[in-house]
There are 6 protein chains.
Amino acid sequence: MADQWLPSLITKTPEEGFQLAITLSRRGVKFTQPDVEVLKKLRPDYSNNADSLTAASHVVAINFQTVAAANNYWR
Amino acid sequence: MADQWLPSLITKTPEEGFQLAITLSRRGVKFTQPDVEVLKKLRPDYSNNADSLTAASHVVAINFQTVAAANNYWR
Amino acid sequence: MADQWLPSLITKTPEEGFQLAITLSRRGVKFTQPDVEVLKKLRPDYSNNADSLTAASHVVAINFQTVAAANNYWR
Amino acid sequence: MADQWLPSLITKTPEEGFQLAITLSRRGVKFTQPDVEVLKKLRPDYSNNADSLTAASHVVAINFQTVAAANNYWR
Amino acid sequence: MADQWLPSLITKTPEEGFQLAITLSRRGVKFTQPDVEVLKKLRPDYSNNADSLTAASHVVAINFQTVAAANNYWR
Amino acid sequence: MADQWLPSLITKTPEEGFQLAITLSRRGVKFTQPDVEVLKKLRPDYSNNADSLTAASHVVAINFQTVAAANNYWR
């Protein structure tokens, strides 16, 4: 209850769904490294590296597949 | 509203769907690095590296799966 | 019986499903390296490396796809 | 119209479907690096590197999933 | 017949399904490197490297998707 | 006709399906590097590298997903 961050995969719009995919991707990182200070320190590394950015976009794409399917693609 | 970039996953043709997959891939990058100037500076790095280009194509392929399914493969 | 860690893919909530995806990801590691001491020693390496964290999040995203589909996306 | 390269995901045979998956993979590269001369210059790099070839095959595999599903697996 | 290692994708439980996903992942390695002695020699390398372990877990996750779908998620 | 290597995705058994997934993975490599002599020369590199073997197994896993779905998982 303290941390109910994922009540549902259903979103009103595709754009909110994409935002949820980003949230899921970040949560996937946080479960390995829960220390927010460490994460902040790492940010300059990957946010200025093209391959790291592509890898981040890759994870979002996977999670967006899940969210889009959950929402029946907002058809 | 200020940034309604993804009103729908439905496109008229497969080609527009592929274009949307590219847009989704770029958005996935932008959420980590929103600074357009930084992104421009990184471009020569990955656009001249074969493995980076393959990785970019990989993300587009994943997003295209989502868009194609949303459109029932334009059958 | 000694090690019944995966009785079902069905969870009550999306959040428990995400937690199960994390468990599946860790099990995937453990089958290759069952020695918990080695795993502990490796932790500082990857938990302080942005690309390793992204890769870990990637595996969780794949497993979450499976769990979410199993639960019919908790619709 | 000038560049109608993807009129449909439907192909007559699995083999043509695989060929289409290759086309999709190459298009995914071209959207990032449209300069054909640069792409030609990069070719020796990745076509003589085992890991690069595996990565290329990976992208084709993803795109082939999409094309195969679109064609109901040519059952 | 000499090597009937995959009679079916159907398993009684999710846990056996996960085990089958591991078997599939190992078979995928063996087809490229069938020499068991070489594989044994490589083991210390990847079983003590965090990124290699994550990559192994990734392949298991993909194969588990297939096995889970085959079993209708053991619903 | 000269090269009809993929007449169908349907196989009699899961094991033949796995073999087909391997064939698809190799074809994905060959489209980028058709020179068999080069491929033979590269073999020692990746067949003695744990991460390369995992990457190869990864591509087989993706292709096996496609083949398994095509065969309705041989249920």
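The values are calculated or read from the model by the stated rules, or taken from the named source; none is laboratory data. Keep in mind the model is a prediction, meaning the values are calculated, not measured. Methodologically, a virtual Cβ is constructed for each residue, glycine included, from the backbone with ideal geometry; neighbour enumeration extends over all protein chains shown. Areas reflect the complete protein model, heavy atoms only, side chains present, ligands, DNA and RNA absent. Shrake-Rupley method; radii C 1.70, N 1.55, O 1.52, S 1.80 Å.
Show me the helices (runs of 4 or more DSSP H) entirely contained within chain E in which 3 or more residues are surrounded by fewer than 22 Cβ atoms within 10 Å (Cβ to Cβ) and modelled with pLDDT under 95.
By residue number, E:36-47.
Take A:S25 and decide whether it is under 15 Å from B:L24 (Cβ atoms), of a type in the set (G, A, S), more than 8 Å from chain B (Cβ to nearest Cβ) and without any contact (Cβ under 8 Å) to a residue 40 or more places away in the chain. Quick ask: steps written out before the conclusion?
Numbers: under 15 Å from B:L24 (Cβ atoms): yes; of a type in the set (G, A, S): yes; more than 8 Å from chain B (Cβ to nearest Cβ): yes; without any contact (Cβ under 8 Å) to a residue 40 or more places away in the chain: yes.
Yes: the conditions hold for A:S25.
Taking the condition of being within 14 Å of the chain's Cα centre (by Cα) and either within 14 Å of D:N63 (Cβ to Cβ) or aromatic (F, W, Y) (or both), how many residues in region D:8-22 meet it? Spell out how you get there, then give the answer.
We begin by selecting, within region D:8-22, every residue within 14 Å of the chain's Cα centre (by Cα); these are D:9, D:15-22.
Add one more test, that the residue is either within 14 Å of D:N63 (Cβ to Cβ) or aromatic (F, W, Y) (or both), and what stays is D:9, D:16-22.
Counting residues in region D:8-22 that are within 14 Å of the chain's Cα centre (by Cα) and either within 14 Å of D:N63 (Cβ to Cβ) or aromatic (F, W, Y) (or both) gives 8.
Just one of the numbered conditions (1) in contact with a helix residue (DSSP H, G or I) (Cβ under 9 Å, 6 or more places away or on another chain); (2) more than 24 Å from D:G28 (Cβ to Cβ) is not true of A:A55; which one?
That leaves (2) as the condition not met.
Output the qualifying pairs, or none if there are none: Cβ atoms under 9 angstrom, residues six or more apart or on different chains, first residue in region B:47-75 and more than 7 Å from chain D (Cβ to nearest Cβ) and on the phi < 0 side of the Ramachandran plot, second residue open to solvent by 20 Å² or more (accessible area, probe 1.4 Å) and modelled with pLDDT under 95.
So the pair list comes out as B:N49/D:D45; B:S52/B:D45; B:S52/B:Y46; B:A55/B:Y46.
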